[in-house]
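These notes concern the structure reproduced below.
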Protein chains: 2
Amino acid sequence: MWGFAKEDKDIMPKQLIECIPNFSEGRRADVIEAILKPFRERKGCGLLDYRADDDHNRLVVSLVGIPGPIEGALLAASKVAISNIDMERHQGGHPRVGAVDVIPFVPLRDITMEECVEYARRFGRRYHEDTGVPVYFYEEAALRPERKGLEVIRKGQYEVLKAEITKPERHPDVGEPKLHPSAGATVIGARKFLIAFNVNLGTKDVQVAEEIAKALRSSSGGLAHVKGIGLALESRGLVQVSMNIVDFEKNALYRVLELVRMEARRWGVPVVETEIYGMVPAAALLASASYYMQIAGFDPNQMLELRLLQMLTDEVA
Amino acid sequence: MWGFAKEDKDIMPKQLIECIPNFSEGRRADVIEAILKPFRERKGCGLLDYRADDDHNRLVVSLVGIPGPIEGALLAASKVAISNIDMERHQGGHPRVGAVDVIPFVPLRDITMEECVEYARRFGRRYHEDTGVPVYFYEEAALRPERKGLEVIRKGQYEVLKAEITKPERHPDVGEPKLHPSAGATVIGARKFLIAFNVNLGTKDVQVAEEIAKALRSSSGGLAHVKGIGLALESRGLVQVSMNIVDFEKNALYRVLELVRMEARRWGVPVVETEIYGMVPAAALLASASYYMQIAGFDPNQMLELRLLQMLTDEVA
């Protein structure tokens, strides 16, 4: 683990990023563990959280750390994923185009979005050199304006992209216009802190989840900075509105949830539970707690742990 | 400020306590600032938070730190309060018996409740020696079982205690049975982490707040581990149910709030806002956020800041 100790000025993480690689494997425990290994072992790369999901057949990893070490661990983990995942046989409820599906970099501390974009593009080129997998750049790192949106790049998923990659408008940003035979393609980018928020509904009718997702997401006229799809959770007999809150400061979690609850009432369908996937900043939960509890003038520094964290980082600043 | 740096083993806070002294001054800015000064300056004593309130005419300070330095800062601040506050002329909406009204010590890390009790009693004897103010011990530090409850010691407040202190059942635990002529008495103890939670109601009828407080607090049959009084917020034209959640793990904030909302409906009175006074542990807000948002299986370590805090303290452990 990396340190903040005062005397370790040389290894002090001046720049801190978050990175949330998504791998197309949510079922085989041994493969999942092999992918995670480099993140666990690399000094300077902290494994914050990971979630493997059966229905999505997807592994979402949250890392925090120094850019250099994160890059090394990512390359090692990607190689494990590429040699173990065959996209020709992959099935799962979540859209995907590759074994290493998406790698977003998020600026956390002492690093600008511009630096993060530059870092993402440099990493993308090196990733392609090392693995042969074609790369698309998205969000802030997009080289073509229409590729800001992940859904544009992933349109039709692996199966369709395989046929359409030869069309100029679907050519990758790095590499030949041809998918890797088993690992597909990888989408790499830089973006703001994103919250993955799922709402599970008490029905087996996936159309309900799809309709609600449509009402919610900005692309079809819903809430700005919200993306969403409806999918079935076969193993649980539920459906899910699976959302990404792209800017939680502009559209808070409680507003998203209350809108889902409101739309669900149209079908008499109950919200069974919600799920925060991966990491969430304290501010996002505090905003929602404050709404529901009508807390006036709450200062995040009233939270004991945040205050202690600030004291500790002041101490080593 | 105290440090956690690896190399500073000698000053590493093996024991960490919270201390929340309450002073009977919420109006005069210069006196408030003079009371706070020792807390700001003392190494090893971290001033987490303070709130001065006009209606309560009370200053609530939250400290975290090492027992020794906290003791020194407390004695210095208390002397400022004692020489500036005259209980003969003090008025305010909150029950009180002294200029330095209550000093609870709360175990946070590497210290047991038993050690905290011993520390509180030792501090109480030294405080009396230095100031001449009689001391009562309460909660876990109580020497008489009936004094576990703060409300028993403060019954009738300063004005009544002044007359009744000569009765054996109201004798102080330290000092002669006689109030300090201007500073009254001080109640010192050890207890669990307590959350001060106020709910402001949209009415001027203080009886509504009193009735709701009665329905809520354990002493009159409400929720266990909840204390509460009703009071008027004259300056705002509102009334307040002012509560202490003595064990937030057993009765969560959301449950307390929903019961207040339920009782308030009897009078058609709306909850205007709520207030968390002083510090609150992350777990308390997470429990309520999870309730309102139906979040399933949330791990506190998914909160970015808590995970960073853990990484930092692991690092120096």
Quiz item: Which condition number does B:Arg27 fail, the rest of (1) modelled with pLDDT of 90 or more; (2) in contact with a helix residue (DSSP H, G or I) (Cβ under 8 Å, 6 or more places away or on another chain); (3) open to solvent by 80 Å² or more (accessible area, probe 1.4 Å) being met?
Solution: (2)
Self-check item: Number of positions in region B:178-202 that are closer than 29 Å to B:Ala264 by Cβ and part of a strand (DSSP E or B)
Solution: 7
Practice problem: Filter region A:196-213 down to the residues that are over 27 Å from A:Tyr50 (Cβ atoms) and open to solvent by less than 10 Å² (accessible area, probe 1.4 Å), then identify the one that is farthest from the chain's Cα centre (by Cα). | Solution: A:Val208
Practice problem: Take region A:49-78 and flag every residue that is more than 14 Å from the chain's Cα centre (by Cα) and hydrophobic (A, V, I, L, M, F, W, C). | Solution: A:Ile66, A:Ile70, A:Ala73, A:Leu74, A:Leu75, A:Ala76, A:Ala77
Practice problem: Filter region B:1-24 for residues that are within 14 Å of chain A (Cβ to nearest Cβ), open to solvent by less than 10 Å² (accessible area, probe 1.4 Å) and modelled with pLDDT of 80 or more and give the result. | Solution: B:Leu16, B:Ile17, B:Glu18, B:Cys19
Self-check item: Residues that are surrounded by fewer than 20 Cβ atoms within 10 Å (Cβ to Cβ) and in contact with a Leu (Cβ under 7 Å, 6 or more places away or on another chain), drawn from region B:166-189
Solution: B:Arg170
Quiz item: Just to be sure, is B:Gly221 more than 10 Å from every other protein chain (Cβ to nearest Cβ), without any contact (Cβ under 8 Å) to a residue 24 or more places away in the chain, in contact with a Leu (Cβ under 9 Å, 6 or more places away or on another chain) and among the small types (Gly, Ala, Ser)?
Solution: no
Quiz item: For A:Val60, which of the numbered conditions (1) surrounded by 21 or more Cβ atoms within 10 Å (Cβ to Cβ); (2) more than 26 Å from A:Asn200 (Cα to Cα) fails to hold?
Solution: (2)
Exercise. With the condition kept exactly as written, say whether any residue in region B:48-71 is touching a His at 6+ places or on another chain (Cβ under 6 Å), assigned to a strand (DSSP E or B) and under 30 Å from B:Lys178 (Cβ atoms).
Key: yes
Quiz item: With respect to B:Lys43, is the statement that it is part of a helix (DSSP H, G or I), among the charged types (D, E, K, R) and touching a helix residue (DSSP H, G or I) at 6+ places or on another chain (Cβ under 7 Å) true?
Solution: no
Practice problem: Go through the residues of region A:251-261 one by one and say whether even a single one is among the basic types (Lys, Arg) and away from chain B (no Cβ under 12 Å). | Solution: no
Quiz prompt | Residue selected from region B:24-38 under the condition part of a helix (DSSP H, G or I) and in contact with a strand residue (DSSP E or B) (Cβ under 7 Å, 6 or more places away or on another chain), by the criterion nearest to B:Gly93 (Cα to Cα) | solution = B:Ile32
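Here's the yes/no breakdown for (1) within 22 Å of B:Asn244 (Cβ to Cβ); (2) in contact (Cβ under 8 Å) with a residue 24 or more places away in the chain:
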{"position": "B:Glu140", "(1), (2)": "yes, yes"}
{"position": "B:Glu146", "(1), (2)": "yes, no"}
{"position": "B:Glu151", "(1), (2)": "yes, yes"}
{"position": "B:Arg154", "(1), (2)": "yes, yes"}
{"position": "B:Val160", "(1), (2)": "yes, no"}
{"position": "B:His171", "(1), (2)": "no, no"}
{"position": "B:Val174", "(1), (2)": "no, yes"}
{"position": "B:Leu179", "(1), (2)": "no, yes"}
Quiz item: So which residues in region B:230-241 are over 16 Å from B:Val269 (Cβ atoms) and touching a Gly at 6+ places or on another chain (Cβ under 9 Å), if there are any at all?
Solution: B:Glu234
Self-check item: Selection status of A:Ala99, more than 22 Å from A:Ile195 (Cβ to Cβ) and open to solvent by less than 10 Å² (accessible area, probe 1.4 Å)
Solution: yes
Exercise. Find all pairs meeting these conditions: Cβ atoms under 8 angstrom apart; at least six residues apart or on different chains; first residue within region A:283-296 and within 7 Å of chain B (Cβ to nearest Cβ) and hydroxyl-bearing (Ser, Thr, Tyr); second residue open to solvent by less than 30 Å² (accessible area, probe 1.4 Å) and outside any helix (DSSP H, G or I).
Key: A:Ser288/A:Ala252
Exercise. Sort out for me the helices (runs of 4 or more DSSP H) sitting completely within region B:214-317 that have 3 or more residues that are open to solvent by less than 50 Å² (accessible area, probe 1.4 Å) and of a type in the set (D, E, K, R).
Key: B:304-316
Quiz item: How many residues does region A:262-282 hold that are within 9 Å of chain B (Cβ to nearest Cβ) and either of a type in the set (D, E, K, R) or in contact with a Pro (Cβ under 7 Å, 6 or more places away or on another chain) (or both)?
Solution: 3
Exercise. Can you tell me which residue among A:Phe123, A:Phe193 is out of contact with any strand residue (DSSP E or B) (no Cβ under 6 Å at 6 or more places or on another chain), under 19 Å from A:Pro67 (Cβ atoms) and surrounded by 21 or more Cβ atoms within 10 Å (Cβ to Cβ)?
Key: A:Phe123
Quiz item: (1) of a type outside the set (S, T, N, Q); (2) more than 7 Å from chain A (Cβ to nearest Cβ); (3) over 23 Å from B:Tyr50 (Cα atoms): which one isn't true of B:Met303, the others all being true?
Solution: (2)
Practice problem: Could you grab me the full set of residues in region B:224-250 that are touching an Asp or Glu at 6+ places or on another chain (Cβ under 8 Å), away from chain A (no Cβ under 14 Å) and either touching a residue at least 60 places away in the same chain (Cβ under 8 Å) or farther than 23 Å from B:Ala283 by Cβ (or both)? | Solution: B:Lys227, B:Ile229, B:Gly230, B:Leu231, B:Ala232, B:Glu234, B:Ser235, B:Val239
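The values are calculated or read from the model by the stated rules, or taken from the named source; none is laboratory data. Note that this is a predicted model, so its numbers are computed, not measured. Note that we place each Cβ from the backbone using ideal geometry, even for glycine, and neighbour counts take in every protein chain shown. Heads up: the accessible areas ignore ligands, DNA and RNA and are worked out on the full protein's heavy atoms, side chains in. Shrake-Rupley method; radii C 1.70, N 1.55, O 1.52, S 1.80 Å.
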